[in-house]
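Each remark here refers to the structure printed beneath this line.
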Amino acid sequence: MKYKIERCLFQKVLFYLLANRLNYRNHRKIIIVDGETAFTGGINVSDRYINNNPRQIFWRDTHIRIDGPGVFYLQYLFFTDWNFCTGKIPKPHKKHFSGKKISDGNAIAQVVASGPDASQPTILFSILQAISLAKKEILITTPYFIPGDAIIDALKIAALSGIPVKLLVPGKSDSRLVNAACKSYYAELMTAGVEVYLYTKGFVHSKTLVADNNLSIIGTANMDVRSFELNFEVNVILYDENVSRQLRSIFFKDLEDAEKLDPMKWEKRSAYKQLPEKLARLFSPVM
């Protein structure tokens, strides 16, 4: 049996040296199956996630499966992206939006999307709201931490208010320049009481947030300016204690393969180490 597979390119780049369109890339990872099941999160379609080559860095990521009505908006996002790329509007059919009820699980899922075409940075606002409403604990995993003043201030306010805030970031990254820029933010956060952990097993690519053990976020958006303002992204907010407990357990399991930064030692690092980080930070808005 032969199957027809269609593909299209999102904002095809012709001249990389002049590719300002590279700023407006589609960073969403969405799979829809029969209009009933969807997958999204940090995992790309890449062999590197197999982690079977000892000479390559270990990749650690997080993805989520959704069954039921939560699939609908992800399906809608795929159709709008496809329409944008091809100029063709898929013919709607009831099979695309199944009314099948799911008996297992009852978590409330809210899909949040944003991009340069949106009137508001919805993903940024949702993360700020999650941080500001937290009362007991905030756990964040992100591969790229170039957050901007709003996120920095929100995390500092939470930590200074006595809320435990833990940030897990890569010890090694797939980009030295980006990793250097990320490091320039850690001292300011640790001074306010935020605990920063460097993942040492490999490269942590997960994008998750857990607040107060009853709200969690899994998605494609990094905690950086590019994801908040320039990329097309999608996150899923889950209002469920069971899911949050699972993600919290995973977070602390990852901490077993991480190094906690000492604020005093970090601050006393040589100028030779700090200077490249401060220079890289100058370019952080376009990273």
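Worth a mention:
- Taking the C-alpha atoms only, the angle from helix 271-281 to the longest principal axis of the chain is near 30 degrees.
- Of the residues HIS93, HIS205, HIS27, the one with the fewest other Cβ atoms within 10 Å heads the list, and the complete ranking is HIS93, HIS27, HIS205.
- Here is the P(r) of the chain: all C-alpha pair distances, binned every 10 Å from 0, give 6, 26, 35, 23, 8, 2, 0 in whole percents.
- Compared with the dominant Cα axis of the chain, that is its longest principal axis, helix 149-160 is turned about 60°.
- Rough spin-label spacing in nm, given labels placed 7 Å along Cα→Cβ, for ILE31 and ASN213: 3.3
- In a fully extended conformation the segment linking PHE10 and GLN110 would gain 33.5 nm over its present Cα-Cα distance, using 0.36 nm per residue.
- Order of MET190, MET264 under a 10 Å beta carbon neighbour criterion, fewest first: MET264, MET190
- Cβ-based charge dipole, region 71-215, positive-most Cα from VAL165, TYR144, ASN106: ASN106
- Convex hull projection area averaged over all views, region 67-207, Cα basis, nm²: 11.8
- Protection proxy ranking for 80-90, 53-63, using the average of other Cβ atoms within 10 Å per residue and placing the highest first: 53-63, 80-90.
- Trypsin sites (Lys or Arg not before Pro) restricted to DSSP loop in region 218-287 with at most 15 other C-beta within 10 Å: LYS268, ARG269
- DSSP beta bridges fully contained in the chain are about 70 percent antiparallel.
- From most to least packed by mean Cβ count within 10 Å, the peptides 31-42, 165-176 give 165-176, 31-42.
- Inter-part distance where region 141-176 and region 209-287 are each reduced to a Cα centre, Å: 5
- With Cα atoms, 0 to 90° folded angle of helix 122-133 axis to the chain main axis: 50
- Largest to smallest principal axis extent of the C-alpha atoms in region 190-281, angstrom: 45, 33, 27
- Listed by chain and number, the aspartates and glutamates whose alpha-carbon sits under 17 Å from that of LYS278, ignoring those within fewer than 8 places in the same chain, are ASP149, GLU188, ASP224, GLU267.
- Highest-fluctuation residue, SER119, SER184, SER249 considered, GNM on the chain with Cα pairs under 10 Å: SER119
- Zone of TYR3's modelled label, taken as backbone nitrogen in region 24-60 under 19 Å from a point 7 Å along Cα→Cβ: 30-40, 45-47
- Cysteines having no other Cys beta carbon under 4.7 Å from their own, within the chain: CYS182
- Each 10 Å bin, from zero up to the one with the longest distance, holds this percent of the alpha carbon pairs of region 141-257: 13, 44, 39, 3.
Taken together, the values in this text are just the output of simple stated rules run on the coordinates, not laboratory data. Keep in mind that this is a model prediction, so the values were computed, not measured. Don't worry about glycine lacking a Cβ; one is built from the backbone with ideal geometry, like all the others, and counts go over all protein chains shown.
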